[in-house]
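Notes follow the structure.
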Amino acid sequence: MRRRILLHIINAATMLSLWACGGIDSAFCDFATLPAQGWAYGDTISLTPRYMSDSIAAGHLVVALRHNNSYPYSNIWLEVTHTAPDGRVMRDTVNCVLADMYGRWKGHGVGASFQFADTIPPQVAVTAGSPITIRHIMRVDTIRNIEHLGIMLVP
C-alpha cells in the first residue's frame, strides 16, 4: 500500500515537472534543484537557454519555483539578470507573493510541495547560450524549503 502511494506521488511530481516546461508554449524552460541545506544569500543560480528554435527569442520571462509547506515567509524577492542581444545587462527585481493574506499558499501542488510561477512584466529578447542568473535578495542569510527554481520564456 505504501509503495503504491509512493508511486502516485512520484508520478504526480513528474507530471508537474513536465507540465511546467510543456504546458505553456515556451521558447525554453530550465530548472535547477536547490541544495537541501538552503539557498545562501550570495549564491546565484545560473540557467542557460540552450534548446531554442532560433538563436534569439523574444517574450516574457516567467520565474517558477517549488517550495514546501515549511517555507517560513509569504513571499520571496528575486533578482533576475540576463544579457540582451545588444550586450546590455538587464536586471529585474521580482517580488513573488507565495501566500495570500490568510497564509494560504497561492501555488498549486500535491502534498506539502507547491509550485508557483510569476511573469516578469517587460518583454525581453534572450540569446541562446547566454545565461540567466537568479539570486534571492531576502533579508536573511540562507533561505530554506525552496526546492526548485526555474525560468521560462513565453513568446
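Observations, loosely collected:
- Fully extending the segment from Ala99 to Arg144 would add 14.6 nm, taking 0.36 nm per residue of separation and subtracting the current Cα-Cα distance.
- Value of Rg/Rh across the range 111-155 [Cα atoms, Kirkwood radius]: 1.00
- Phi angles of the range 131-136 translate, via the Karplus equation with coefficients 6.51, -1.76, 1.60 and θ = phi - 60°, into HN-Hα couplings of x, 10, 10, 9, 9, 7 Hz per residue; Gly and Pro are given as x.
- Stretching Ala58 away from Asp43 to a fully extended chain increases their span by 2.7 nm, per 0.36 nm per residue minus the current alpha-carbon distance.
- 25 °C / 0.890 mPa s Stokes-Einstein diffusion coefficient of the range 57-155, Kirkwood radius on C-alpha pairs, µm²/s: 171 µm²/s
- Loop-located trypsin sites (Lys or Arg not before Pro) across the range 91-154 with a Cβ neighbour count of 11 or fewer within 10 Å are Arg104, Arg139, with loop assigned by DSSP.
- Residue-by-residue Karplus 3J(HN,Hα) for the range 88-95, coefficients 6.51, -1.76, 1.60, Hz, glycine and proline x: 6, 8, 9, 10, 10, 9, 10, 9
- FRET efficiency for the pair Lys106 and Asp86, taken as 1/(1 + (r/R0)^6) with r the Cβ-Cβ distance and R0 = 35 Å, rounds to 0.50.
- Normalised convex hull volume, the range 51-90, alpha-carbon set, Å³ per residue: 106 Å³
Quick note: the coordinates plus some simple rules give every number you see, no bench work behind them. Not measured: the values here are computed from a predicted model. In this analysis, Cβ positions are derived from the backbone assuming ideal geometry, glycine residues included, and neighbour counts consider all displayed protein chains.
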